[in-house]
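Have a look at the structure below, then the notes.
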Amino acid sequence: MFLPGAILLLVYHYFPTFGFVIAFQDFIPAKGFFKSEWTGWENFKYILELPNFYQVLWNTFYISLLKVITGQIFPILIALLLNEMRIRAVKRTVQTLIYLPHFMSWVILGGILIDILSPSKGIINQIITALGFEPVFFLGNPDIFPYVLVGSDLWKDFGFSTIVYLAALTSINPSLYEAAVVDGASRWKQTINITLPGMMPVIILMATLSMGQILNAGFEQVFNLYSPTVYETGDIIDTLVYRMGLVQAQYGLATAIGLFKSAVSLVLISTSYYMAYRFANYRIF
């Protein structure tokens with residue numbers, strides 16, 4: 001049972017790491033790894049001198065950080081609201097509806113968002129124009145596009161985090177609430193003094209583990225929604241690697257950028273696991 005998974009892991013995750021040598025070469029596919037000219041650190045020096053590299057790096061950090069923050073706060077609020085819901089049928093229906101987008105690919109959701117946010121036929125802009133305002137080009141305005149990414153990512157994935165926090169709520173001892181009721185504590189005070197402290201280990205765990213994803217701003221999402229008009233604020237490391245490597249065939253430069261991202265991610269993931277162990281007693285083995 002273990003062997004098929006191990007083979008897939010080796011083929012698709014470990015064997016390809018040999019390709020990192022391309023980052024130190026002027027790689028030509030016809031010559032292969034062993035005959036392409038070695039350039040040392042030249043590819044890294046070149047990408048650090050690219051005029052848009054630091055803007056792309058900032059976009060990646062900014063979009064990822066907003067996703068992490070909203071992806072922590074909003075699910076906690078929804079989990080608390082669902083926990084207060086007493087009609088089980090309604091509660092389960094809401095859980096299913098908010099969890100459903102998590103199973104859809106960004107190819108499908110991207111098409112849905114393009115239709116919804118269309119400046120001419122989208123339902124959002126139809127409502128805006130009906131209220132007497134000018135239509136908004138959500139996917140073509142550089143100032144708005146990052147927040148469209150954050151909002152749509154929240155819509156897709158907050159249901160999964162909500163389920164995690166609901167599971168954390170079930171671990172809180174009911175006798176604590178009974179004692180609070182006897183003492184005359186309101187529902188709000190019960191939430192502040194019992195519910196949130198009881199959820200805190202899971203909240204800390206989810207927050208620290210999300211640090212490892214700070215450089216993953218979501219390639220599939222951005223690729224399906226962005227356009228050259230929003231490169232200024234919407235271009236991220238993964239889309240830059242895609243364009244340089246697969247579109248422009250600059251394999252060495254694209255691999256150097258990817259290796260740079262992997263190195264930074266390794267530091268962030270190591271830090272996040274240490275913090276998860278330090279503050280939430282989380283271990284990976």
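Of note:
- The residues in the stretch 181-217 that are within 23 Å of L154 (Cα to Cα) and of a type in the set (G, A, S) can be counted, and the count is 4.
- Among the candidates M275, M244, residue that is part of a helix (DSSP H, G or I), more than 22 Å from M211 (Cβ to Cβ) and over 17 Å from the mean Cα position of the chain (by Cα): M244
- Subset of the stretch 56-76 [farther than 14 Å from A217 by Cα and loosely packed, with under 15 Cβ neighbours inside 10 Å]: I73
- Scanning the stretch 80-104 for residues that are in a loop (DSSP other than H, G, I, E, B) and either modelled with pLDDT under 85 or surrounded by fewer than 11 Cβ atoms within 10 Å (Cβ to Cβ) (or both) yields M85, R86, I87.
- Scope the stretch 149-187; condition of a type in the set (G, A, S), more than 30 Å from L225 (Cα to Cα) and in a helix (DSSP H, G or I); matching residues: A167, A168, S175, A179, A180
- Restricting the stretch 267-285 to residues that are touching a Leu at 6+ places or on another chain (Cβ under 7 Å) and small (G, A, S), the residue that is modelled with the lowest pLDDT: A280
- Qualifying residue in the stretch 201-221 (condition: touching a residue at least 24 places away in the same chain (Cβ under 8 Å) and under 26 Å from P29 (Cβ atoms)): yes
- Each residue in the stretch 219-257 was checked for being small (G, A, S) and surrounded by fewer than 20 Cβ atoms within 10 Å (Cβ to Cβ), and 3 pass.
- A count restricted to the stretch 229-259 and to residues that are among the hydrophobic types (A, V, I, L, M, F, W, C), more than 10 Å from N43 (Cβ to Cβ) and in contact (Cβ under 8 Å) with a residue 60 or more places away in the chain stands at 4.
- Per the conditions (1) at pLDDT below 85; (2) crowded, with 17+ Cβ neighbours inside 10 Å; (3) among the hydrophobic types (A, V, I, L, M, F, W, C), the sole criterion not satisfied by V264 is (2).
- Positions within the stretch 105-145 being surrounded by 14 or more Cβ atoms within 10 Å (Cβ to Cβ), touching a residue at least 60 places away in the same chain (Cβ under 8 Å) and out of contact with any Pro (no Cβ under 9 Å at 6 or more places or on another chain), in sequence order: W106, G110, L113, I114, N141, F145
- Test: residue in the stretch 212-232 that is assigned to a loop (DSSP other than H, G, I, E, B), over 24 Å from N52 (Cα atoms), out of contact with any Gly (no Cβ under 6 Å at 6 or more places or on another chain) and at pLDDT below 80: no
- The condition (being among the β-branched types (V, I, T) and buried (at least 20 other Cβ atoms within 10 Å of the Cβ)) is satisfied by just one residue among V150, V164, V182: V150.
- Pairs where the first residue, in the stretch 29-49, is over 12 Å from Q250 (Cβ atoms) and the second is of a type in the set (A, V, I, L, M) and surrounded by 12 or more Cβ atoms within 10 Å (Cβ to Cβ), C-beta under 7 Å, 6+ apart: F33/V21; S36/I28; F44/A256
- Which listed residue, of L3, L48, is among the hydrophobic types (A, V, I, L, M, F, W, C) and either closer than 15 Å to F260 by Cβ or modelled with pLDDT under 85 (or both): L48
The values are calculated or read from the model by the stated rules, or taken from the named source; none is laboratory data. Just so we're clear, the structure is a prediction, and the values are computed from it rather than from any experiment. Please note: Cβ atoms are built from the backbone with ideal geometry, for glycine as well, and neighbour counts cover all protein chains shown.
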